[in-house]
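The next block holds one structure in the form of structure tokens; read it before the comments.
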């Protein structure tokens, strides 16, 4: 833990170092462009039609990312403390968002504006590498979710999520987890009960 950085900045520094090793000197310009935002439970962080212009790191809280199609909610993902998130398609294409990001608890997050981040990319190739690797991870996760929903049986989907992100089962209400997995909350309860026995 670097005493030159705040507790929250150290969370981000640790998170980025799981992606790509950055020196403290390389991290310093990132810390300088961070902005802190707070959202109350139920507040919308990004709404349909807005263009995603930032990458966020959740310091505290729980964010639900979802779309609404014909009045039905479909979960895309969740972000918990220490996780980064954004609407990747809107961010890359500068297109209106088709998803909603909502604070499910009071939330604090760091944001980095796209314009400022791209200026850092031009100055430091290691920081650019972090951005590229994170973009690749987002793309791979999206493909993995789509493949799982289309080919895995419900029991397999639950098993994969338990293995990859067990923290979700502690923090996220079951109805939202079931929605992410494409099954009913009752089916999720039965599968979890079978796995415990």
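Coordinate-derived values only; no laboratory data. Keep in mind it's a predicted model, so treat the numbers as computed, not measured. Note: ideal-geometry Cβ built from the backbone for every residue, glycine included; neighbour counts use all protein chains shown.
Would you be able to tell me the number of residues in the stretch 111-128 that are out of contact with any helix residue (DSSP H, G or I) (no Cβ under 6 Å at 6 or more places or on another chain), closer than 20 Å to residue 83 by Cβ and part of a helix (DSSP H, G or I)?
Residues in the stretch 111-128 being out of contact with any helix residue (DSSP H, G or I) (no Cβ under 6 Å at 6 or more places or on another chain), closer than 20 Å to residue 83 by Cβ and part of a helix (DSSP H, G or I): 2 in total.
Here is a yes/no grid of residues against (1) closer than 23 Å to residue 94 by Cβ; (2) buried (at least 19 other Cβ atoms within 10 Å of the Cβ); (3) in contact with a helix residue (DSSP H, G or I) (Cβ under 8 Å, 6 or more places away or on another chain); (4) free of Cβ contacts under 8 Å to residues at least 12 places away in the same chain:
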site: 49; (1), (2), (3), (4): yes, no, no, no
site: 53; (1), (2), (3), (4): yes, no, yes, no
site: 58; (1), (2), (3), (4): no, yes, no, no
site: 65; (1), (2), (3), (4): yes, yes, no, no
site: 70; (1), (2), (3), (4): no, no, no, yes
site: 78; (1), (2), (3), (4): no, yes, yes, no
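Counting just the residues of the stretch 2-35 that are outside any helix (DSSP H, G or I) and in contact with a strand residue (DSSP E or B) (Cβ under 6 Å, 6 or more places away or on another chain), which one comes out nearest to residue 136 (Cα to Cα)?
34
Would you point out the residue of the stretch 141-197, among those that are over 21 Å from the mean Cα position of the chain (by Cα) and outside any helix (DSSP H, G or I), that is surrounded by the fewest Cβ atoms within 10 Å (Cβ to Cβ)?
Result: 197.
Could you list, in sequence order, the residues of the stretch 21-47 that are surrounded by 15 or more Cβ atoms within 10 Å (Cβ to Cβ), closer than 21 Å to residue 115 by Cα and in contact (Cβ under 8 Å) with a residue 40 or more places away in the chain?
If the condition is that a residue be surrounded by 15 or more Cβ atoms within 10 Å (Cβ to Cβ), closer than 21 Å to residue 115 by Cα and in contact (Cβ under 8 Å) with a residue 40 or more places away in the chain, then 22, 26, 30, 33, 34, 45, 46 are the ones that fit.
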